[in-house]
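The values are calculated or read from the model by the stated rules, or taken from the named source; none is laboratory data. Only a predicted model underlies this, so the values are computations on that prediction, with no experimental measurement involved. Note: ideal-geometry Cβ built from the backbone for every residue, glycine included; neighbour counts use all protein chains shown. Heavy atoms of the whole protein, side chains included, go into the accessibility calculation; ligands, DNA and RNA do not. Shrake-Rupley method; radii C 1.70, N 1.55, O 1.52, S 1.80 Å.
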Amino acid sequence: MADARYLVVETTVDSAAEADKLALLVLDFRLGACVQVIPGVSSKYFWKDKIEEAGEFILRIKSREDKYDALETLILANHPYEIPEIIAAKVKKISKGYANWLDTELDR
């Protein structure tokens, strides 16, 4: 089943506590049906003309396009970073059962 209305949205934070806080907010507001917290990421990036390195946690959020604007607003309002990463990728293919589950949870 192909349906570009589904999204996988990712952001990163610097602690397990921040990851849990943000994941629970996303779920409480039904802006994502599932949030995977992936620990142990080593990020290297440019920040203010220097290369930085940090340990981070990735939040991978399963959502839909109609939820994106509210999800981005929630992340920006509750994120500890000055400029948080918020990346959304359209889902090219999704199983019917998983899509139905996402819709059920996001529409409650």
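Of note:
- Output for region 23-50, where each listed residue is part of a strand (DSSP E or B) and either of a type in the set (Asp, Glu) or more than 29 Å from Lys92 (Cβ to Cβ) (or both): Phe46, Trp47, Lys50
- Among (1) touching a residue at least 40 places away in the same chain (Cβ under 8 Å); (2) open to solvent by 80 Å² or more (accessible area, probe 1.4 Å); (3) of a type in the set (Ser, Thr, Tyr), the one test that Tyr45 misses: (1)
- When Asp14, Asp20, Asp69 are checked against the criterion of being charged (D, E, K, R) and touching a residue at least 40 places away in the same chain (Cβ under 8 Å), Asp14 stands alone in meeting it.
- Count of residues meeting criterion [within 17 Å of Leu22 (Cα to Cα), hydrophobic (A, V, I, L, M, F, W, C) and open to solvent by less than 80 Å² (accessible area, probe 1.4 Å)] in region 85-105: 2
- Filtering Lys67, Lys92, Lys62 for residues that are closer than 18 Å to Glu10 by Cα, modelled with pLDDT under 95 and not β-branched (Val, Ile, Thr) leaves a single hit, Lys92.
- Qualifying residue in region 42-52 (condition: at pLDDT 95 or above, under 11 Å from the mean Cα position of the chain (by Cα) and hydrophobic (A, V, I, L, M, F, W, C)): no
- Restricting Asp20, Asp28, Asp69, Asp49 to residues that are among the acidic types (Asp, Glu) and on the phi > 0 side of the Ramachandran plot narrows the list to Asp49.
- Residue check, Ile58 farther than 17 Å from Arg5 by Cβ and either open to solvent by 70 Å² or more (accessible area, probe 1.4 Å) or assigned to a strand (DSSP E or B) (or both): yes
- Some residue of region 26-40 being surrounded by 15 or more Cβ atoms within 10 Å (Cβ to Cβ) and without any contact (Cβ under 8 Å) to a residue 12 or more places away in the chain: yes
- The listed residue being free of Cβ contacts under 8 Å to residues at least 12 places away in the same chain, open to solvent by 40 Å² or more (accessible area, probe 1.4 Å) and in a strand (DSSP E or B), out of Glu53, Glu82: Glu53
- Positions within region 65-79 being of a type in the set (Ser, Thr, Tyr) and open to solvent by 70 Å² or more (accessible area, probe 1.4 Å), in sequence order: Thr73
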